[in-house]
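Asks: What follows is a single structure, and I will ask about it in a moment.
The values are calculated or read from the model by the stated rules, or taken from the named source; none is laboratory data. Quantities reported herein were computed from a predicted structural model and do not represent experimental measurements. Here the Cβ is made from the backbone with ideal geometry for all residues, glycine too, and neighbour counts use every protein chain on show. Accessible surface areas use protein heavy atoms only, side chains included; no ligands, DNA or RNA. Shrake-Rupley method; radii C 1.70, N 1.55, O 1.52, S 1.80 Å.
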Amino acid sequence: MKHFASTLAVATLTATLSTAAMAEVTIKVAYDADPVSLDPHEQLSGGTLQLSHMVFDPLVRWTKDLQFAPRLAESWEQIDETTMRFKLRDGVTFHSGNALTSADVDWTFDRLKASPDFKGIFAPFTDVEVVDELTFDLKTSEPYPLILHTATYIFPMDSQFYSGTTEDGKEKAELVKHGDSFASRNLSGTGPFTVTEREQGVKVVFDRFDSYWDSASEGNVNKIILTPIKEDPTRVAALLAGDVDFIAPVPPTDLKRVEEHDGTTLITEPGTRIITFQLNQNRVEAFKDARVRKAIDYAVNNAGIVDRIMRGFGTVGAQASPAGYLGYDESLTPRFDVEKAKALMAEAGYADGFSVTMMAPNNRYVNDDKIAQAVASMLAKINIKVDLQTMPKAQYWPTFDERAADMMMIGWHADTEDSANFHQFLTHCPDETTGNGQYNSGNYCNPEADALMAEANATTDQTKRGELLRKLEGILYEDAAFIPLHWQNLAWGARDGVHAEKIVNALNFPYFGDLKVD
């Protein structure tokens, strides 16, 4: 009888444990906005990269201490000065069931080279040569110091899934900016999650991929329900009330509130995303004059914005490169002197000022709309009248691509963790062929600066490369190529038991596949 009771108890316990193990772990996440597309190559943005890490997987990814960790590529070696050979993991499958092979990497590489947003990053790369099903060579036109940095952008797509045509005769691989395409609505990646439900601006549901290759991951989340909540107070209130389990970002005004609330955890990290304004020289004649650009830089109180609007949760900037990057030059200090700004305006013949239009998002960067309002007010002191319009990022990016205003806000984090990336996208002479200057809405152009970037990107000696990049930052500073504001710090909020501190990073795309929840 005792033996029977013992056996029954063990069976009951086993059943209980099995049920617990099988219990679905669902977390509710609130971001300030949802992904604008499911196409990983449609837009180079933090939102797209976050999505890519959830539903695709990169060849290589960054660790918390900014080292390289193998993902779909399990190993690599430099076999000559312009060739790096990668070995893929065996047995990795896409959501469709198709096996990952080198042919998928080759297909993805060609698509990246054709993407308006990504082709600039891949300009130094000439080809992917398939060696065998799991081996390929990534080739550059000349020695290049950022091969592994760039490999973090390669999220292999399922070439079989994206090949062919739709019922209405369109290519499934078609890449359409801000448009309706097969790739913008459908996906097959190798990542930890699939998208099972999506209503733009309302909700995205991610379900765990049963055949996900990374069995060593601690991640135990089966379902993520992402809800965009644009308003900061509403998003924070949802976390504190227990309606959601994880939020980003936590606004500076609520850092202490989240930190001190019983049952929630505040996670913070220094940020490297520079928030800037660009001055469109093709729309405003005055912006072609460096004295006017400098006047605007002198008129904007960066420290005041960080102190009053960001509540100290940011670092005042005067250049694109943050401390720690090769191009950072500590001698470049923020300008703020209203009288100097007025004098420069008068010297340039614009003492009476002029009128401009300004556009900014209202849910992309921390306090973006408030920052834009503050800058507009500051420019009024030097007789520049600003007509400001703010809008959600889903509407903002198409208008940004159209260069629809005289002044436009743009924040940038160099996902290669390299100074040259800022110039390549934000201040390089716009070039549709190479993709350089893709996000240069100011249409600034300085061939000397471009030549320095090109030289730096062909220089493997890090000391010399740093000298070149600092010289580049100095030219942009003296030219007032753009208006730098601050580097945005990062803050996330989570309920207790959601161990998000292990998956967040300075790049601001948490690795949700590795998230462990109690």
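Asks: Say each of residue 475 and residue 177 gets a label point 7 Å from the Cα, pointing the same way as Cα to Cβ; how far apart are those two points in nm?
Replies: With each label point 7 Å from Cα toward Cβ, the separation is 2.5 nm.
Asks: Right, something else. Tell me the label-point distance for the pair residue 167, residue 217, using the 7 Å Cα-to-Cβ offset, in nm and rounded to one decimal.
Replies: 3.3 nm
Asks: Suppose R0 equals 41 Å. What FRET efficiency, 1/(1 + (r/R0)^6) with r the Cβ-Cβ distance, do residue 377 and residue 501 give to the nearest 0.05?
Replies: 0.60
Asks: Shifting gears a bit: Read phi for every residue in region 484-501 and hand back ³J(HN,Hα) as whole Hz from Karplus 6.51 cos²θ - 1.76 cosθ + 1.60, θ = phi - 60°, with x for Gly and Pro.
Replies: Ordered by residue, 3J(HN,Hα) equals x, 10, 7, 8, 7, 6, 10, 8, 10, x, 9, 6, 4, x, 9, 7, 6, 4 Hz.
Asks: Now, a different point. Sorting 429, 445 by accessible area (1.4 Å probe), largest first, what list results? If you can, show how the numbers build up before the last one.
Replies: Details: 429 20, 445 75 Å².
Heavy-atom accessible area, descending, gives 445, 429.
Asks: Let me ask something else about it. What dipole magnitude, in Debye to the nearest 20, does region 362-479 give about its Cα centre under +1 on Lys/Arg Cβ and -1 on Asp/Glu Cβ?
Replies: For this selection, approximately 480 debye.
Asks: Sticking with this one: Starting at the first residue of region 403-418, write each ³J(HN,Hα) from the Karplus equation 6.51 cos²θ - 1.76 cosθ + 1.60 with θ = phi - 60°, in whole Hz, x for Gly and Pro.
Replies: 6, 7, 9, 6, 10, 9, 7, 8, x, 8, 10, 6, 5, 7, 6, 9
Asks: If you don't mind, there's one more thing I want to ask. On the full set of protein chains, 1.4 Å probe, figure out the accessible area of residue 339 and give it in Å² to the nearest 10.
Replies: Its accessible surface works out to 120 Å², give or take rounding.
Asks: Then there's this: Using only protein heavy atoms and a 1.4 Å probe, report how much of residue 227 is accessible, in Å² to the nearest 10.
Replies: Only protein atoms counted, so the area is about 50 Å².
Asks: For labels at residue 203 and residue 404 in the simple 7 Å Cα→Cβ model, what's the distance in nm?
Replies: 2.9 nm
Asks: Mind checking which aspartates and glutamates have their C-alpha under 18 Å from residue 177, skipping anything on the same chain fewer than 8 residues away?
Replies: By straight Cα distance, residue 177 reaches 34, 39, 42, 110, 117, 401, 402, 431, 432.
Asks: Taking a virtual spin label 7 Å from the Cα of residue 231 along the C-beta vector, which residues in region 175-212 bring their backbone nitrogen under 18 Å of it?
Replies: Correct set: 201-203.
Asks: Taking R0 as 51 Å, what FRET efficiency do you get between residue 337 and residue 461 from their Cβ-Cβ distance, rounded to the nearest 0.05?
Replies: Efficiency, from the Cβ-Cβ distance: 0.85.
Asks: List the trypsin sites (Lys or Arg not before Pro) within region 222-312 that fall in a DSSP loop (any state other than H, G, I, E or B) and whose Cβ has at most 13 other Cβ atoms within 10 Å.
Replies: Sparse-neighbourhood loop trypsin sites (Lys or Arg not before Pro): none present.
Asks: Follow-up question, since we're still on this one. Could you compute Rg(Cα) / (2.2 N^0.38 Å) for region 104-183, with N its residue count?
Replies: On the way: Rg = 13.9 Å, N = 80, 2.2 N^0.38 = 11.6 Å.
Normalised Cα radius of gyration, region 104-183: 1.20.
Asks: If you rank 417, 260, 171, 330 by how much accessible surface each has, with a 1.4 Å probe, what is the order from largest down?
Replies: Ranked list, largest accessible area first: 330, 260, 171, 417.
Asks: DSSP loop (so not H, G, I, E, B), at most 13 other Cβ within 10 Å: list which GluC sites (Glu not before Pro) in region 52-117 pass both filters.
Replies: On the way: sites: 74, 77, 81; in loops: 81.
Sparse-neighbourhood loop GluC sites (Glu not before Pro): 81.
Asks: Then there is this: On C-alpha positions alone, give me the angle between the axis of helix 2-22 and the longest principal axis of the chain, in degrees, nearest 10.
Replies: 30 degrees
Asks: Got the relative contact order for the chain handy, in percent, Cα pairs under 8 Å and 6 or more residues apart?
Replies: It comes to 20 percent, rounded to a whole number.
Asks: Measure nothing but the geometry: give the 0 to 90° angle between the long axis through the Cα atoms of 447-456 and the longest principal axis through the Cα atoms of the chain, rounded to 10°.
Replies: Compared with the principal axis, the helix lies near 40 degrees.
Asks: I would also like to ask the following. Report the gain in length on full extension from residue 25 to residue 210: 0.36 nm times residue separation, minus Cα-Cα distance, nm rounded to one decimal.
Replies: Answer, rounded to one decimal: 65.2 nm.
Asks: Okay, next question. Could you sort out which of 223/502; 64/113; 203/393; 64/516; 288/381 sit more than 23 Å apart by Cα distance in this structure?
Replies: Among 223/502; 64/113; 203/393; 64/516; 288/381, the Cα-Cα distance tops 23 Å for 64/113.
Asks: Per DSSP helix of 4 or more residues, -39500 (n - 2.57); summed, then divided by the residues of the chain. What does that give at 222 nm, rounded to the nearest 500? Spell out each step's value before the answer.
Replies: Values: 14 runs with 146 residues, N = 518.
When only DSSP H runs of four or more count, the value is -8500 deg cm²/dmol.
Asks: OK, next. Suppose the chain between residue 90 and residue 269 were pulled fully straight at 0.36 nm per residue; how much longer would it get relative to their current alpha carbon spacing?
Replies: Result for the pair: 60.9 nm of gain on full extension.
Asks: Same structure again: So, R0 is 56 Å and r is the distance between the beta-carbons of residue 133 and residue 395; what FRET efficiency does that work out to, to 0.05?
Replies: Computed FRET efficiency for residue 133 and residue 395 comes out at 0.80.
Asks: Set Lys and Arg Cβ to +1 and Asp and Glu Cβ to -1, take the dipole of the chain about its Cα centre, and tell me which of 378, 249, 160 lies farthest positive.
Replies: It is 378, whose Cα lies furthest towards the positive end.
Asks: Let me ask something additional. Could you give the size of the charge dipole of region 275-330 about its Cα centre, using +1 on the Cβ of each K and R and -1 on the Cβ of each D and E, expressed in debye and rounded to the nearest 20?
Replies: Value, rounded to 20: 220 debye.
Asks: A further question on this structure: So how much accessible area does residue 358 have, in Å² to the nearest 10, using a 1.4 Å probe?
Replies: Solvent-accessible area, nearest 10 Å²: 0 Å².
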